[in-house]
Structures are given as C-alpha cells and as structure tokens.
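Taking it in order: structure first as structure tokens, then the write-up.
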Number of protein chains: 2
Amino acid sequence: MVSMKDISVACGVSVATVSKALNDHADIGAETKNRVRQVAKQMGYFPNSAAKALKTNRTHNLGVLFEEDDHSGLTHDYFAYVLDSLKGAAEEKGYDITFINGCRTRHNRMSYLEHCRYRGFDGVIIVCVNFHDPEVLELVNSSIPTVTIDHVFNNVCSVVSDNVKGMRELVQYVYNKGHRRIAYIHGVNSSVAVTQRRLASFYKTAEELGLKIPDEYIKAAAYRDTKASGIATAELLELRERPTCIFYPDDFACYGGINVIKERGLSVPDDISVVGFDGIRIARHIEPKLTTLKQDTTQLGRRAAEKVISLIEHPKTTLIEQIVVEGEVYEGKSVACLK
Amino acid sequence: MVSMKDISVACGVSVATVSKALNDHADIGAETKNRVRQVAKQMGYFPNSAAKALKTNRTHNLGVLFEEDDHSGLTHDYFAYVLDSLKGAAEEKGYDITFINGCRTRHNRMSYLEHCRYRGFDGVIIVCVNFHDPEVLELVNSSIPTVTIDHVFNNVCSVVSDNVKGMRELVQYVYNKGHRRIAYIHGVNSSVAVTQRRLASFYKTAEELGLKIPDEYIKAAAYRDTKASGIATAELLELRERPTCIFYPDDFACYGGINVIKERGLSVPDDISVVGFDGIRIARHIEPKLTTLKQDTTQLGRRAAEKVISLIEHPKTTLIEQIVVEGEVYEGKSVACLK
DNA sequence: TGTAATTACGAAAACGATTAAGATATAAAA
DNA sequence: TTTTATATCTTAATCGTTTTCGTAATTACA
C-alpha cells in the first residue's frame, strides 16, 4: 500500500504537507497542493481508514443493528427494503454499513454497545430488534448518535411509519367499499408499540365511522405466522355473523388467511375481503393482488441514514425528533365493493 | 474509552505487559496475567479495532459485495437468506460484515478493490453482482482472499448451488408424475452461467428420459419478472400441443405464469402444472404450494463465510476449490400426478 | 528602512495497539 | 562459585495519519 510517506518523498515535501494538501487545508500553496494531489492519484494512493480513525476518532462507518431471535430481520421483505435504502443513502454520503452484533472474542462476549465502541461506529441505526433487550437500551442510552426505526424512545431520534394514519386510511377505504362488518387479526409479540398504535387507530376510525366492532372480531396472531392467522381466520368464519372483511397483521400472514378462506370453498374477495399490511413486493404479483398499506420503505431507510449522519456531522443543530413516514393504501383486488 | 495505558497504570506494569497478558503470550507470569485481565474486565476495557488494525494489518472484518443495478440483491428472498446465514457464520468466528461499495470521497470515486484496501477487509465475499463488471474482475484478481457465490472464476474459491443436479431432479420428479410434455421458461440477463447450466441440465435429463423437447417449449423471461413470464406462459398455452408442465426461472416469475393460467380459466395443477426454482419462503405459504427446487441458502452463506475465513487464517493449507451445495426438490402442490 | 502581518511549509507528538530486543532476577548446571 | 538457562517484565520502535506549534520567507505597512 502506498502511504503518505511515499508521496512525500516523491514530491519532496513532508508528510504533514501531504496530509494537509489532500485535506485541502488553507496553509498549503496552490501549486504544491496540485502537485501532491496529482502524484497521489497517479501513485494510486488511498488513505488507511484505520490510521485515520485512530487519529480522528471518526470512522465513517455506521453500525446497523438488525437482529431478531428468529432471523426474521434480513429475510423480511419489509426490512430488506429498508436496509437496501439505508445502505444506498449512507453510501452516497461516504459512510459504510457494518452489522452490529454481540460478537465473541477470545476474552468474553461483547455487548452491542461494546461492539460499537470497539469498531468506533460514528453512529448506529437500530432497525429490527427486540427493543426491550437491556443491551439495546444500553446502546440507546449511550452517547453514540442513534436513530431507531419503527420504535420511539424518548431521547433518541426515530423514523417511524405512520401506523395510525395508515390504519385509518385502510379502514376508511374498506368502509367506502361498503364494508360494515370488519374484523382485525392484529399482530403479537414483536414491536408492541406498532401493534398498539394500529389497533388503537383501527378502533378509533371505526368509531368515527359509526362502526361497532364486536369483541369476537378482534383476534391475535403472530406477525408473519400463516398458521396462526389461518386459525384465527377459521374462527372468524365460524361466527354467526361473520365479517365481510378481515384485516391481517401483515401481508405474509394474510396469505395464511386466504388459504383457509379458499379451503372453505369461499372466494376472495367475492365472499370475504382481506387486507394486509406492509406491501411486500410479491403481494403485487400474485392474484388476487392484495389491498394493503404499502409502507414507504425507501423513505424509512433514507431518512434514518440521513438523520444519523446529520447527528454525527452537526450534533448541535440537529434536533432530536421523530420522523414520521407515511405509507399509502395500495389498491389491489382483495377487497370487494359491496355497494 | 479505557485503553491499555489506563490498565497499565492501574496494575503498575507496562503497556507491553498488558498487551501480552491479554493476548496470552508465554512470557507473562500467571499471576500478573490474571491480575491484568481482571482489572481489564472490571474497567470495562475493549481493544480499539483501529489501533489493532493499524498495527497488525488485520481487521477481522469481511467485505461483502452485494449490489445489482436494479437493487434486486438485498430484496431478493434468496440472497437475503444467504446473507443472513453468512452474517451468522462470520459472527460466530469473530468477524464483522461490511458492505463493499464504490464509495465516493472528497477526492474521487473508489473502485471496489480500492474500497477494500481502504477499509482493510481481511477477505471478501462476492454474492450478487454483475460478474462481468471490470471492477469485480479487478477485485477477484487481487490478492485479497475472496469467495464468490453462484459464480465460478478459475482462480478463486466459490460456493455454488448445484444447478445441474437440481434441475435434473426437478425434471425427474415431474417425469415420475407422468408428465411428458414439459416446457421451460428459462431466465435471462443476470448470471448467465447459472442459466446455461440449468438449461443444459434440463435438456440432458429430458434426453436421458427419452423426452423430446420441441423448440417452441423453450422460452425466455427475465428472472423475477412476472410480466415476462406471464407473456411466455400465454404463448405456451396457445400451442396446439400445449405442455402439461411449465418450468419457470424462479418462484417469483412462476407466479406470473400462474396468474396467466388462471386468467385463462385453467387451474393449477389440474390443467397445467408449474414448477419454480429457489424455494422462496412465501411459496410454501401460498396455495397452491409451489413445487420447486429449494436451495440450501443456509449452507451457501455458511460455507462461503467459513471458506473465506479459512483462506484468511490458513492461507497455505486452504485449497482453492469450488464448493457445491445441493438443494432439494420441495414437493408442493403445483404438479399434478398424471398417472 | 524597519517592523508587523501573511503565506507556506516542516518537525514532532499523538492516537492505541503490537512486538522485537534488551534487562533483571532467579533457578539450574558446571 | 561461576556460568548458563529460564522466567518475567520493560524499553522503544512502529503502523499511517492528523494537528499543533514553530520557522522562514515574503509582503504590507508605517
């Protein structure tokens, strides 16, 4: 590897001058600056990130925490898109992305925070994780610039999708299609806040529209669990007054419901309408196309990356805020018009 | 941050002793070693990766190249699972994962190789990329330990799924179900080698089984392009002697075909059987469950990580080889039994 | 013309670790 | 007892940068 030393001898100047020339300091003459840069380029010079980090305490590297017990993070269409966007936005600004983990060394296990300090991440983005994990809390409460996605802590920035508005628009959409008996199989387990917000919005909107939601219309099933959502669906179908439309925790789970509906010889949407949540890509390619709330994963990822970089580079002037990203109703073919 | 210096004063020894104690060198007394380690732990010491990297030229960080023009990498179920597995395996061995990119700095754009050198990656894994990109070739031909996934270069290690065997078993499976008129819509564009291998295996197996494949049974459609596969399907359905079973480039594209088949009032698998490729997760949750070749993404990722780490840690004794990972036929409900 | 201000550069310390070589004390061998 | 070996720890150089401070040369100003 060619270092500043090599350039300095090639140019007949000191390494200090080389450094300052490359970093565009004011106290280097224009001529020297150009010469140094030219030689650097032609010798194929690139800085050594480790040396630079050691000296400056800046790595231009972001840690991304992306872990769930069941490995449903990376392999979750929604989060994969968020990460992809995150990655793109960070790279544009010259930052790299490294996964945070509780990595093992010779000595002992590192906590998430310790791992971050070890690697010297300039900032971290917490995407998909158990937000009650004490290690996550430790990280969030640290001094490292942090942005969370889809979860809000009181003292850190967050980027969240507008679950309230999303759910409201979905309910309104379905209502406008003439549905009055609407059931909701809500998610459980992970992301409690998200679940509650959606559920609250579901109830509130229903009430505003003058709908009464009987208790037996509300079921629970784990996110992305087709079996659980299938069982809940079966229960709903057995009711004397069965719903005309069923909401699901997410698109994936929705298919569990669709399967059960079809097994019963019923058709979607002619007999029963269904709506999902998330807007995973494949739902737009399978018939019947799912009517769902399409989250703006591109914005979620991008805004998170931009925010954390802003926190890093302008800590004073960047405010701690909660950025809300709106999704939109994707109109598929899974909701019948009853009017 | 607490450094070795801090520990050395706390213990009344030199930093060299601290370093050697923590790294378990032989020339440190047992008592001192214990004391240093204990103090280190209780002071919350963790090494500074930048300093360590600067001195040792080892970062314990792997670069992963994971990029495609259409962003179909991360968001592709198949590759997402590979990455997830890769990540897990690397972490087990104490390596972190950072994405490689052609990142921009103040000065000028970095090539993939330059980025790797800048970050000092100990090794790289090339997962999903245009393998004809000159920058990729530059990286592959460099001295950095490299493993490619699903593409083989002559002088680097690779982990590939057994497309030949996979396709053979799929054809045999379908043949055993009584199908004789089998069409194949093969992929195009990316991963030419993969496509050719599957196609060749398709022809060869058919021939071995005594099947004649008329030219009009072979169509092309881009991977994961439901529209293109739909069009190709429509063409196949118009043939005088239409196939009883259609092979698709991948599961995603398969749904494009299923849609068209259903539009025509035909049923899967009663009228037309379909088989996919990859074994994406959702295909096992939507009816009719897809019969497909389920790739062993866990092994693909894990073996790649283990191989590159082996290349890094035992360069002499690790042989340059091509690791073949076998998939398996996943028996769904999309192929009818004609016997 | 003498002094102050400005410009352009260099010397050297520092970041936090590793490691070769040297030093000291103790134990074993002669 | 002297020599040699062994065990244990330290000194100091080094990795590739950045940055403070100093200095010399040039220019501006009185």
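In this model, which of B:Lys227/B:Lys262; A:Lys20/A:Lys55; A:Lys227/B:Lys294; B:Lys5/B:Lys52 are farther than 19 Å apart at the alpha-carbon? From B:Lys227/B:Lys262; A:Lys20/A:Lys55; A:Lys227/B:Lys294; B:Lys5/B:Lys52, over 19 Å: A:Lys227/B:Lys294.
From the alpha carbon centroid of the stretch A:299-339 to that of the stretch A:26-50 is 40 Å. Just add up the charged neighbours of A:Arg284: K/R +1, D/E -1, any other residue whose Cβ is under 10 Å from the Cβ of A:Arg284. Computed value for this residue: +2.
For the stretch B:4-47, the spherically averaged projection of the C-alpha convex hull amounts to 2.5 nm². Spin-label pair B:Asp6-A:Glu208: with each label point 7 Å from Cα along the Cα-Cβ axis, the two points sit 5.2 nm from one another. Sorted from nearest, the other copies put their B:Arg264 label points 3.3 nm away, the label point being 7 Å from Cα in the direction of Cβ. Along its first, second and third principal axes, ordered by size, the stretch A:300-339 spans 56, 15, 7 Å in Cα coordinates. Under 5 Å between amide hydrogens, built in the peptide plane, is the criterion, and for A:Val159 it picks out A:Thr148, A:Ile149, A:Asp150, A:His151, A:Ile323 among residues at least 5 positions away or on other chains. Extension gain, A:Ala200-A:Asn176: 0.36 nm per intervening residue step, less the Cα-Cα distance, totals 6.7 nm.
With R₀ set to 45 Å, the beta-carbon distance separating A:His25 from B:Asp24 gives a calculated FRET efficiency near 0.55.
Suppose R0 equals 56 Å. What FRET efficiency, 1/(1 + (r/R0)^6) with r the Cβ-Cβ distance, do A:Leu266 and B:Val152 give to the nearest 0.05? That gives a FRET efficiency of 0.65. Remark: label point of A:Arg58 defined 7 Å out from Cα along the Cα-Cβ vector; separations to the same position in other copies 3.1 nm, ascending. When restricted to Cα atoms, the stretch A:1-127 yields an Rg and a Dmax of 19.5, 59 Å, respectively. Classified by the C-alpha gyration tensor, the stretch A:163-295 has a rounded form. Its axis ratio a/c, with a ≥ b ≥ c, is below 1.5.
Note on the protein assembly as shown: along the principal axes its Cα atoms extend 79, 66, 58 Å, ordered by decreasing extent. Helical runs (DSSP H, four residues minimum) scored at -39500 (n - 2.57) apiece and divided by the length of chain A put the mean residue ellipticity at 222 nm at -13000 deg cm²/dmol. In this assembly of identical copies, the label point of A:Val15 (Cα plus 7 Å along Cα-to-Cβ) is separated from its counterparts by 1.6 nm, sorted shortest first. Dividing the Cα radius of gyration of chain B by its Kirkwood radius returns 1.14 for Rg/Rh.
Bear in mind that the values in this text are calculations on the coordinates, not laboratory data. In this text the structure is predicted, and so the values were computed from the model without any measurement. When we count neighbours, we look across all protein chains shown, and the Cβ atoms used for this are built from the backbone with ideal geometry, even at glycine.
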